[in-house]
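One structure is given here, and the rest of the page talks about it.
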Amino acid sequence: MKKGDLQDFKINVKLKLAALWASVTFCYIYGDYFELYVPKKVESLINGNSMLDNPNKLFIAAFLLLIPSIMICLSILLKPFINRILNISFGLFFTLFVGLVGISSFSEWRTFYVFYAGVEIVLTLMIVWFAWHWERVEKEENQ
């Protein structure tokens, strides 16, 4: 490092994963918030004419979106083995899930939703990549 370079340090993979899940969660929230501005969306919500038109569907949606929120803290708190498995599994699941949502959202008023889906896919693939490439500790040999 030469004089004048900005100091940097190695960030633990757990912190990287937590930050990525936080970003994904914010994107989900913002995407759903901006969808309220789509013409007739609020009217359909008030009239009960939405995709989440019964308690079971609402619970499933709530459960699905709870996972990224919980992964923020679990990425820091869990031991590496289960942590890695959950991050890879949920990262792949949400990549596919958001991909399907993005593909089905192509319309003039939902280009923002497709944009968010693209960003979310990049973030969840980064989660999978960091978890997959989690650095291993060298085992000590008995001498």
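FYI, it's all coordinate maths here, none of it is from the lab. Quick caveat, the model's predicted, so the values are computed rather than measured. Using ideal geometry, Cβ is built from the backbone for each residue, glycine included, and neighbour counts are taken over all protein chains shown.
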> Expressed as an acute angle from 0 to 90° and rounded to the nearest 10, what is the orientation of the C-alpha long axis of helix 80-103 relative to the principal long axis of the chain?
Replying inline: 30
> What number comes out for the charge environment of SER23, summing +1 per Lys or Arg and -1 per Asp or Glu over other residues with Cβ under 14 Å away?
Replying inline: 0
>> Below 28 Å, Cα to Cα, which lysines can LYS57 reach? Residues fewer than 8 away in the same chain don't count.
In response: LYS40, LYS41
>> Can you compute the modelled spin-label distance between VAL114 and VAL101, with each label point 7 Å from Cα toward Cβ, in nm?
In response: 1.7
>> Relative contact order of the chain, please, whole-number percent, based on alpha carbon pairs below 8 angstrom and at least 6 residues apart.
In response: 36
> Mind checking the angle between helix 13-35 and the chain's longest principal axis? C-alpha axes, 0 to 90 degrees, to the nearest 10.
Replying inline: 10
> Mind checking the alpha-carbon convex hull of the chain and giving the volume per residue in Å³?
Replying inline: 161
> Hey, what do the phi angles of region 42-53 turn into as Karplus ³J(HN,Hα) couplings, whole Hz, using 6.51/-1.76/1.60 and θ = phi - 60°, x for Gly and Pro?
Replying inline: 5, 4, 5, 5, 5, 7, x, 9, 10, 4, 9, 8
> Given H placed on each backbone N at 1.01 Å, which residues far from LEU52 in sequence or on other chains put an amide H within less than 5 Å of it?
Replying inline: none
>> Let's test the formula: R0 of 30 Å, r as the Cβ-Cβ distance of PHE59 and TYR37. What FRET efficiency results, to the nearest 0.05?
In response: 0.70
> Tell me, how many Å apart are the Cα centres for region 39-117 and for region 10-28?
Replying inline: 16
